[in-house]
Amino acid sequence: MRNRLRNMGMRITELSDIMGISRPTLYKFMDMYGRGDRDGIDADVLKLFDRIKRDPRIGRKDVLYYLLLLRGGRDADICRVPATVTVTAVERPARRLIMLRSTNADDYMSYCEEKGCDWEGTLNSIPDRYDDAAVVSLPPSLMKEGTSGTASGVEVPSNYCGDIPDGYEIVDLPGCTMLYFCGSEYHDEEDFCDAIKIVSDALISYRPERFGWILDHGAAPSFNFGASAEKGARMAVPVRNIL
């Protein structure tokens with residue numbers, strides 16, 4: 001486990017701080033895990049180790065996101081990411097979605113566990129894409145039997161005729177209004193989890209009815225673009241005008 005963490009660029013100091021566990025204790029848990037002694041390991045640590053062991057393709061950012069799910073980000077008093085989130089309504093024309101479905105995934109981490117982590121590079125290599133690759137929550141109209149509602153994808157113009165990566169598919173999307181939730185830029189990529197949580201919390205607490213909108217998840221997919229220091233965290237959801 002030590003070698004896996006080292007190879008993905010995870011520092012023990014960083015991991016112990018995020019999980020609220022001392023470094024000696026974390027080292028002890030790694031030794032216990034290596035011996036197959038699972039009974040005395042903290043439950044969250046055990047879940048993390050199992051995730052890392054099951055998926056050889058898991059990377060540092062995937063681990064940070066999983067820790068966000070387990071721990072809900074860092075304490076507010078040490079969060080270094082600005083808490084400003086802008087909300088912008090964007091009229092999206094008819095377009096197409098190139099996507100890779102999953103069978104059982106229901107979030108970013110479970111999607112990467114099932115499909116690996118190559119999808120991001122594959123989708124971002126499509127030259128005509130409108131935006132960055134995202135984890136996508138599909139509306140019921142785009143779901144297929146035997147698959148989950150979670151996929152990865154990028155939007156492309158409605159007249160896109162380029163190549164489709166092997167295993168991917170392309171579907172048509174009608175025009176709609178999307179609300180884009182955009183967090184602030186930040187300095188340290190280690191704050192990825194906090195950046196995602198700030199935008200996610202803003203989206204959950206947002207009341208679009210106050211501004212003449214209502215969420216319309218049946219109209220289009222919702223997008224989680226993840227986060228980077230230079231762009232901040234970004235998410236987008238479909239809405240309908242009620243005025």
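What follows draws every value from the coordinates through simple rules; no lab data is involved. What you are looking at is a predicted structure, and each value in this text was computed from that prediction instead of being measured. Here Cβ is always computed from backbone atoms with ideal geometry, including for glycine, and neighbour counts include all displayed protein chains.
With N counted as the residues of the chain, its alpha-carbon radius of gyration over 2.2 N^0.38 Å works out to 1.09. Straight-distance candidates among the lysines for linking to K53, with alpha-carbon spacing under 27 Å and chain neighbours fewer than 8 residues away dropped: K28, K61, K115, K197.
Could you give the size of the charge dipole of the chain about its Cα centre, using +1 on the Cβ of each K and R and -1 on the Cβ of each D and E, expressed in debye and rounded to the nearest 20?
The dipole of the chain has a size of about 360 debye.
Could you size up the charge dipole of the range 2-54 around its Cα centre, putting +1 on the beta carbon of Lys and Arg and -1 on that of Asp and Glu, and report it in debye to the nearest 20?
Details: 12 positive and 8 negative charges, 63 e Å.
It comes to approximately 300 debye.
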